[in-house]
Structures are given as C-alpha cells and as structure tokens.
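Here the structure comes first, spelled out in structure tokens, and everything after it is commentary.
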Ligand code: ATP
Ligand code: MG
C-alpha cells in the first residue's frame, strides 16, 4: 500500500510539484500499527492533480482535496492551505492554497498527525511529532484552546486518538477541553456517533470512557448513562446501555439489535428457547451485561439441537401429505409447535419421531 503511495508521490513530483504522505499513516507506521487509509499533501491544486491522473480521480472535490484511486487503494490528496475562518466551530468556510508545507502543518490538529514521509520513504518531522510519539502524548499544534474553538470535532478526535493509541492527553489539552467542551453540542449527532463508535470499538474503550467522564463530556454528549456502563465488550452492547436510541442516529438493524438485547436482559439467558430465538450475538451481549459467563452461553447455544427452522428434517409439504390435508395456516401452527419441542429437547429432530408426534397430536 505504501509503495503505491510513494509511486504516486513520485509521479506528482515528476510534474514539478512536491508531495508527502502525512497524518495517520505516518503516525501509525512509526508506531508499527496497521493503518487503513493514506493521506497525501501537496502544493498541486486538485485540478492539477486531476490533470496528472485523468482517469483515476473521483469526481467530487471538497475543501481542496481530491481522491485518487490506484490499484483499488483510495488516496486522499489535500492541497497545502491556510484556513482563514470557520463556521459554527466546525467547517472551515474560507481557506487559501499556499506553497508551504510548514504552514500547512500548522493548520492541522495534533502534533502526532503532522509527521510526513517523502517519496524516498524519509521521515520529515518539522514540528517534532516523534517526540510526542515517544512520550505517548497528544498535544495540539499551537494554542489548544484556539484549536478546539475553531473546530470542536477536534475535542472528540483527541479522545479518539488517545483511546485507540493508548496515549495520554497533555494537561494543556485537558484544560482546554474542559474550557471548550460545550461546543461539541454544535456537532451533528452523526459526527458524534462516528467518533464515539471508534472509541467504543477500541480495545482501550474503558480508558476512552474514563477520559470522556473525567472531562465532563458525557453531559455535553447527552450520554447520561455513560458512568453506569457495566460491560464494554461490544459496540452495540455499549449503545444499548446508553439508551439514546432516539437521540443518536441508528439504522433499523441497529435499533432492532438494541431492542432485542433489552428484551433478553429481562429473560433467562440459559433458556434454550431464548438462545434459539435471539441468537448467539444478542444473547452474548446480554449475558455479559448481566455478568454471566459468555462461555457458558456459547456452550449452551452450540448444544441446541437446531439453530433455525431450516434444520427441521420435515417441511410443510411433508406434513400436508402426512395429514392428507391441503396446505394452509394450520401448517404454521404445527411447525411452530414441533420447532419448540425440538429446541427444548422434548422431541428428536428425526423424521419418524416427528411424524409420529404429528399424527398423535394433529390427526383428525
Ligand atoms: P485516521 O485516518 O487513522 O483516522 P488521521 O490522523 O489520518 O487518522 P484523518 O481524518 O484521515 O485522520 O485526517 C488526515 C489528517 O488531516 C490528520 O492526520 C490531520 O493532520 C488532518 N486533520 C484531519 N481532521 C482535522 C481537523 N478536524 N482539524 C485539523 N486537522 C485535521
Ligand atoms: Mg487518515
């Protein structure tokens, strides 16, 4: 992935511009952790990039950046710029292109996100980001209060990076977050959820939640239950415990999962019918919230005689033939009955056994 990026940079430079890999990729590379996307900065404008890669650019350009796709990898290429003014503590509404890497780095959020790599793989570290990587500490580029005031998403990004990387926030960053935290209320719930998802999905989620609580962000994010979270195993499990289904945007599927987890919380997790009806995923989450050993739940689930209706060895057609009756609603009732009997081990999932049972109970 990173050799494709270096080739891309070489191509930009052959056309008379300069370009570097910047941000998350270089940070993660130095920390020896895998990185998902590669950001590139350059003094070429998006339209100049389009001229260099006429067939590989996505059509949309936003805020002075353009996406180039090479060998199925997406590269976000952003032109060096200075941001002049922001709207609602979030989007830069005015910026100008500049020709200077150093100036571009100064508009960025955190020092650890300013380290660059050139076309030969050399590290260019104008703001000494490697010092922070060694200290495992997050500092803003320049005045922290001002950075958070300009763009309040940076508050959540700070906590997200601290969580995922297991870094500390500098005292200065913490102090400024305390002084600007109410501005996260201006962010869309969609944005807030995106950042929270990354925090909640991290293996260091406990630390992330501790930071959110320590800085009073639970109140600003309207997550009143954050302090009461009992289990951190699963993203959806956390959202279920937070109980903000109608405040934050969730898909239909996510809403259904949260509803099911809540239902199962009030049922017996080791009951075969509960395990069967709600499945292993929902039951495991509910079990861990209730402090029941997930291993036992998995064992009990795996021991179920069937996991779904399709596994019953007899079908509607067989039953109507057996009873010599035209198919109708009665079939559903019979199937539901034998399904329940099989799941609860009152009936073996064997054709002759099921046929006998049906003849005994449903033959008129
Ligand atoms: P990751 O991709 O791992 O989530 P990243 O650091 O690459 O982390 P991106 O959102 O991909 O983050 O942004 C790329 C770079 O752009 C960042 O490293 C940072 O230098 C800069 N950047 C992104 N968002 C902001 C922001 N809100 N304010 C200032 N600089 C930002
Ligand atoms: Mg990135």
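The values are calculated or read from the model by the stated rules, or taken from the named source; none is laboratory data. Worth saying up front: this structure is predicted, and the values here are computed from it rather than measured. Here the Cβ is made from the backbone with ideal geometry for all residues, glycine too, and neighbour counts use every protein chain on show.
Selection within the range 104-129: residues that are within 13 Å of ligand 2 (Cβ to nearest atom) and without any contact (Cβ under 8 Å) to a residue 60 or more places away in the chain. The member of this set that is surrounded by the fewest Cβ atoms within 10 Å (Cβ to Cβ) is 109.
Among the criteria (1) without any contact (Cβ under 8 Å) to a residue 24 or more places away in the chain; (2) touching a helix residue (DSSP H, G or I) at 6+ places or on another chain (Cβ under 8 Å); (3) under 23 Å from residue 229 (Cβ atoms), the one residue 265 does not fulfil is (1).
Summed over the range 77-104, residues that are outside any strand (DSSP E or B) and under 27 Å from the mean Cα position of the chain (by Cα) total 3.
Exactly one residue among 172, 132 is buried (at least 16 other Cβ atoms within 10 Å of the Cβ), away from ligand 2 (no atom under 15 Å from the Cβ) and either without any contact (Cβ under 8 Å) to a residue 60 or more places away in the chain or part of a loop (DSSP other than H, G, I, E, B) (or both), and that residue is 132.
Scanning the range 327-364 for residues that are modelled with pLDDT of 95 or more, exposed (fewer than 11 other Cβ atoms within 10 Å of the Cβ) and either in contact with a strand residue (DSSP E or B) (Cβ under 9 Å, 6 or more places away or on another chain) or assigned to a loop (DSSP other than H, G, I, E, B) (or both) yields a single hit, 346.
Restricting attention to the range 79-90, and to residues there that are in contact (Cβ under 8 Å) with a residue 40 or more places away in the chain and within 12 Å of ligand 1 (Cβ to nearest atom), which single residue is farthest from residue 182 (Cα to Cα)? Step by step, filter the range 79-90, then rank; the result is 83.
The one condition from (1) in contact with a helix residue (DSSP H, G or I) (Cβ under 9 Å, 6 or more places away or on another chain); (2) away from ligand 1 (no atom under 11 Å from the Cβ) that residue 23 does not meet is (2). One residue stands out in the range 13-56 among those that are in contact (Cβ under 8 Å) with a residue 60 or more places away in the chain and away from ligand 2 (no atom under 16 Å from the Cβ): the one that is nearest to the chain's Cα centre (by Cα), namely 18. In this entry, residue 243 is excluded by the filter for residues that are free of Cβ contacts under 8 Å to residues at least 24 places away in the same chain, assigned by TED's automatic domain parsing to the domain that holds residue 186 and either surrounded by fewer than 16 Cβ atoms within 10 Å (Cβ to Cβ) or touching a strand residue (DSSP E or B) at 6+ places or on another chain (Cβ under 9 Å) (or both).
Of all residues assigned to the range 176-192, at least one qualifies as being surrounded by 18 or more Cβ atoms within 10 Å (Cβ to Cβ), at pLDDT 95 or above and in contact with a strand residue (DSSP E or B) (Cβ under 8 Å, 6 or more places away or on another chain). Note on the range 135-166: residues that are surrounded by 18 or more Cβ atoms within 10 Å (Cβ to Cβ), over 17 Å from the mean Cα position of the chain (by Cα) and assigned to a helix (DSSP H, G or I) amount to 6. Residues in the range 278-321 that are part of a loop (DSSP other than H, G, I, E, B) and in contact (Cβ under 8 Å) with a residue 40 or more places away in the chain were compared, and the one that is surrounded by the fewest Cβ atoms within 10 Å (Cβ to Cβ) is 291. Checking each residue in the range 57-73 for being within 11 Å of ligand 1 (Cβ to nearest atom) and part of a strand (DSSP E or B) picks out only 65. Scanning the range 26-48 for residues that are closer than 14 Å to residue 97 by Cα and either within 16 Å of ligand 1 (Cβ to nearest atom) or surrounded by 13 or more Cβ atoms within 10 Å (Cβ to Cβ) (or both) yields a count of 7.
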